[in-house]
1. Taking region A:227-242 on its own, how many of its residues are farther than 15 Å from A:S466 by Cα and either open to solvent by 10 Å² or more (accessible area, probe 1.4 Å) or touching an Asp or Glu at 6+ places or on another chain (Cβ under 6 Å) (or both)?
2. Restricting to region C:158-177, name every residue that is part of a helix (DSSP H, G or I) and either modelled with pLDDT of 85 or more or among the aromatic types (F, W, Y) (or both).
3. Which ones in region B:297-335 are part of a helix (DSSP H, G or I), open to solvent by 50 Å² or more (accessible area, probe 1.4 Å) and farther than 30 Å from B:D139 by Cβ?
4. Which of the residues that make up region C:320-373 are open to solvent by 40 Å² or more (accessible area, probe 1.4 Å), within 14 Å of chain B (Cβ to nearest Cβ) and more than 30 Å from C:L233 (Cβ to Cβ)?
5. In region B:101-133, what residues are surrounded by 24 or more Cβ atoms within 10 Å (Cβ to Cβ), of a type in the set (F, W, Y) and more than 7 Å from every other protein chain (Cβ to nearest Cβ)?
6. Would you tally the residues in region A:422-434 being touching a residue at least 40 places away in the same chain (Cβ under 8 Å) and either assigned to a helix (DSSP H, G or I) or more than 10 Å from chain B (Cβ to nearest Cβ) (or both)?
7. Considering only residues of region B:134-170 that are open to solvent by 20 Å² or more (accessible area, probe 1.4 Å) and among the basic types (K, R), which is nearest to the other protein chains (Cβ to nearest Cβ)?
8. Taking B:N41 as the residue in question, decide whether it is away from chain A (no Cβ under 14 Å) and open to solvent by 10 Å² or more (accessible area, probe 1.4 Å).
Amino acid sequence: MGDSAQLDKELTAKPTIATIEAQFKDCADFVKREFANGMSVFYMVPLTGNNNLHRDIVQPFADASREEAAGILGRAPYHRVAETGDCVDGILTGSAAIFLEDYVWLVDLSEQLGRSIEQSETETVIAGPHDGFVENLFQNVAVLRMRVRSSKLKTVLLSVGEISKTQVMIMYIDGVVNREIVDNLINRIKSIEIDAVGEGNMLVQLIDENPNSVFPQFMTTERPDAAASKLTGGKIIGIVDGSPSVFSCPTAFFDFFASPDDYYQRWLLGTALRLLRIIGFVITIGFTAFYVSVTTFHYEMIPHTMLLNLTESRSKVPFPPLYEALLMETTIELLREAGARLPTKIGQTIGIVGGIVIGQAAVQAGFTSNILIIAVATSAIASFVIPSYIMSASLRLIRFGLIILAGLLGNLGLFLGITLMIIHLSGITNLGASYLTPVAPVNFRDMLDTFVRGPFWALTRRPTISRTPNSVRVKKRI
Amino acid sequence: MQGMTKEKINSFHLALFVYMCELDGTVFSLARTIAENVGTNGWVAILLLSPIALINIFLYHILFRAGEGRSAFELLEGTFPKWILSPFYIILAAYWAWLGAIIGKHFLLIYQTFAFQTTSPTMLLALYCLIVYTLLIKDIYSILKAVTVFFILTCSLNMLIPYFFREWKLVRLTSSFFQGAENGHTFHGWFEVYLAFVGFEVLLFLFPQMDKKGVALRGAYYGHLMITVIYIISVIIAFGFFSFKEIQSLQYPLINTLEYIELPFLNRVENLIFTVFLFANLVSTIGYCYASKVTLQRIVTKAPDKLFAILIIAGVFVFGCFLQILRDTEQWLDMGLMTEALLSFAMPLVLIPVALHQKNSRKKKERG
Amino acid sequence: MTLRKLSLVILALALPLIGCSDQRIIEKLGFIRTTAYELAGDGEENQGKIKVTVSIPKTTQKEAVQYSAVAKTAREARIVFDRQNDRRLVNGQMRQALFGASLAREGVWTHIDSLMRDPSVGNRVHFLVVEGSAEELLKRKYPQGGTAGEYIDNLIRVETGAMNMPDTTLYSFARDYYDDGIDPIAAIIRGQPESIIFDGIALFERDRMTGKVEPDDLPYFGILYGKVKSGDLFVDFTGDDYSSDVASMLYFSSRRKIKVRSLPSLSRGTGPKVTVKVSLSGSLLEYVGTVEVSKRAEQAKLEKEIAKFVKLRCERLIRRMQDARADAIGIGQYVRNSMRYSDWEKLDWAETFSKAEIDVEVGVRIRNFGKRQ
């Protein structure tokens, strides 16, 4: 304790070689180089590039005399720092600290690490841009700046995590965004008290208003085109260093059902896709539960032509429909999880083995009825129609709750579950905006870009959820 | 809750709220109630009775103007001392919790004639109470948001209307009006039909959340007109789908009409659709529970919000447990709603003079 | 917060206790497809009793289990069946209620009433009258394959579709039973050694069967009953009044209008005068006779001849209904709607109907004559 307090006090003091060396004690990757002219240079080897080192340190100073060196240091890109803290931070972000006489200079030698820009694995589109965000913060900012070439695109750099000091960049378009929401968001991020933040999806859980909710409250995307369209829609974008998941806010529930490629197709097609996803949503949460409800309690509802087939296939099954359904749903979740963990090639095999072989065998062994297999498989497929992976995972979890309720109380249970879900959803807010916008509070103009994808001539306004001071997106020519 | 404080109830949401509050278990038997008490072509009675409710809403509008948007409690407490009001508040709060309980229990008991006959009604009531509780602890804006979604789900049932066109015949409506009422035309009978409209008076407790000009109140009229139209449609469908005397013999004609629907992939849709009315009854219960909560909060101002909710839900549960027989419940429901209908007129009639009196005395003060 | 969690835990623990007793898991149920009601037969012990037969299809769909019992009501018989069946019997998938013709003549309302009271029974159950033994009809095996219940289901669907007959269901029966301006009807089926045949329509006065529409009168009944969208009419001209022998009008559609020309009078005891206006149009696809159908003038003549024939048949049919005191086509509804309600209430419509003067006006238009001129 005493030591760390001591170190903290030193951070505001003038940097000296001794304090820097003390800070980086026991760091094998920390290097000190001394020059003939009395210069000492400190840097972290893994964070600096060899070429940069050669260009900015070795070449200018190798043969320079003390005066010459001082002259070079007075010019760019070298800059003076006065506090130990800045000096340490600089070294940690890939700069070299140069000690000459009593002064300290920093020069950025950092090299971009990480993969190059490639297609996002979780959000793919067929038509549309194929670049995705990567782990490097500034690369991501650059990608966005390339898409929105405006000086109005403002950025705020924040740092989260006592230890990790993860950089978080908040981006918004001035004049389009609601400043109150920006301040709110910044305050919330600043008030996070945690040792480390690793991922965008993790950060948003620390700042949302309903931490116990199943539903994700911040939309995250790995697609720059989606993020750029959110920006121009008056929303705020947040990028976390080290994470390709970029969050946008304020977010509504139905945002998770929109995909950027809805806008790249003709509007009728985009509309059809949106409606398909809503159907997918209903099937995902309700289909298996409905099967359980009907086969357990409401046999009258089955058309008589289907009834006998269903009875036949159920007759060999030793458990009640509730257990049957839970069993199969768990199996398919196992398959999905196994497929996600394994390398792509094996993952596909798992899908085939699991889906076809287990499914077929389970029916033949009288373990489940084939109609249940259809229900389970359909709702699993339907869940993948939802573009947001996180939302689709949440919905799959809710499905289990509904299945249990349906198994206990039939349609009444199903509706009790749905009611609870609606009540829960209506209580969620995201940065003060209702999560159920535009359904509640109702906004018909926004619905035009929610359940359907309206033609561009109709989408003249920014979504109300961003509470933008400048709501006109398209100026109509008169 | 930043940003939420500025939110105001707008007329659209008030309209939906009024609609959903008016829609409750009475709609199942509405066609029969009308056939029994009004007679042939009884749907006209809805047209005649609806303006009475409109006048009632108008009274609330006047009250809002006179009281300049202040809540009923503020008005009362401005004139009467609190110790006089407190017992009065307690009675009202208990009454509303009781009414909410009856509405919920009535629905559950009807449900149990169709499914889950042997399931413990107390258990179902407990579940119902749980749901009411989860909604009651939320702020009024969240409640209204939930109501909006419930409305959308309930209202989409109207898409089934075209299904009945094939079997619907104008000739069954008969050409006579208001004939064949079982006990002749009585005030009680017509009053019973009017009960379908009871529920909108809860808007009195939303006054503080409305804009100062009371523009939102316009929504109440729209909501009421909407429910009037829906009632008329449902009754006309029943009257042309069944024969007049058959309606008198059917306990819940609406459910019998739904029974007729047969989709290629689904039969006997009433099992599913009847459950959708859970939403409508839930909202009615919530409306009264909310009124009850707001009233109680007036007596003990410093207790946490959840305590009141728990108290009221406990009340709803206990009241609901006493009702086990459908026939009794219907009688209680009729009685409760009749009292409520009278109360709904009485409240603004009492409050308007109070509000005007306060307004005048304030003006006098201002003048000198 | 803790209280809420506690209550949730309690509820979660209690949840599995509910609902179990009301479970109706499909493979554990025996679905009654058909219930047949017949008179129990003569004999002292059978006084006031009925014979109830139920047919429960097996999951193989090829066979069905039948049970029969003599009891006072169907419910009482169900107790006997329940004691025999290995699965729990349920009514929710009932598709047909068959009534023996002799029972139908005595009145069926008590049985219909208890069927409709049962919340699990839908109102779309077919209501049919069986000539001959209903029990045997259900027990017999048919070369058409499938169970008798399924056979009847399909037969009714096809027949009512072709004849444009309304489905006679519990709903339509109860509706017309309560309506004092119309009397209910029901389709009649009869068992034959190798098949089941659709054998006309039973006419009811209130809930008692009092008459029958013969199968060859069915198109005319359809025309009188209401709108026909697509029917087939085979006209077999008999007698010297006609210049044609045979004509077939296919895909005909018809509309019906009922005009009340004069109201019944209680004081004078006269029945009402009613005109049923019927307009038909269809394709003439078969013709044998002397009319030259290729000529325009002759075509009009043919239309008149068909109209005349249809009129005669319709009027004959109406007289039959009047004899049965069964207003199956709902003339009473129109008479009622043109009277004062109190006057109508005083009227005994069945009696008045049997005395009513009803004539039929028919207009026929031939849409086309097929591929030949």
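The values are calculated or read from the model by the stated rules, or taken from the named source; none is laboratory data. Keep in mind that this is a model prediction, so the values were computed, not measured. Cβ: placed from backbone, ideal geometry, glycine included. Neighbour counts: every protein chain shown. What goes into the accessible areas is simple: the full protein's heavy atoms, side chains included, and nothing from ligands, DNA or RNA. Shrake-Rupley method; radii C 1.70, N 1.55, O 1.52, S 1.80 Å.
1. 2
2. Step one: list which residues in region C:158-177 are part of a helix (DSSP H, G or I), which gives C:158-163, C:170-177.
Once the filter is applied, which keeps residues that are part of a helix (DSSP H, G or I) and either modelled with pLDDT of 85 or more or among the aromatic types (F, W, Y) (or both), region C:158-177 yields C:L170, C:Y171, C:S172, C:F173, C:A174, C:R175, C:D176, C:Y177.
3. Within region B:297-335, B:F322, B:R327, B:D328, B:Q331, B:W332, B:M335 meet the criteria.
4. Of everything in region C:320-373, those that are open to solvent by 40 Å² or more (accessible area, probe 1.4 Å), within 14 Å of chain B (Cβ to nearest Cβ) and more than 30 Å from C:L233 (Cβ to Cβ) turn out to be C:S338, C:R340, C:S342, C:D343, C:E345, C:K346.
5. B:F107, B:Y128
6. Residues of region A:422-434 that are touching a residue at least 40 places away in the same chain (Cβ under 8 Å), as a first pass: A:424-425, A:427-434.
In the following step, the residues that additionally are either assigned to a helix (DSSP H, G or I) or more than 10 Å from chain B (Cβ to nearest Cβ) (or both) were identified as A:424-425, A:427, A:430.
Going through region A:422-434 one residue at a time, the tally reaches 4.
7. Among them, the one singled out is B:K138.
8. Values: away from chain A (no Cβ under 14 Å): yes; open to solvent by 10 Å² or more (accessible area, probe 1.4 Å): no.
No, not satisfied.
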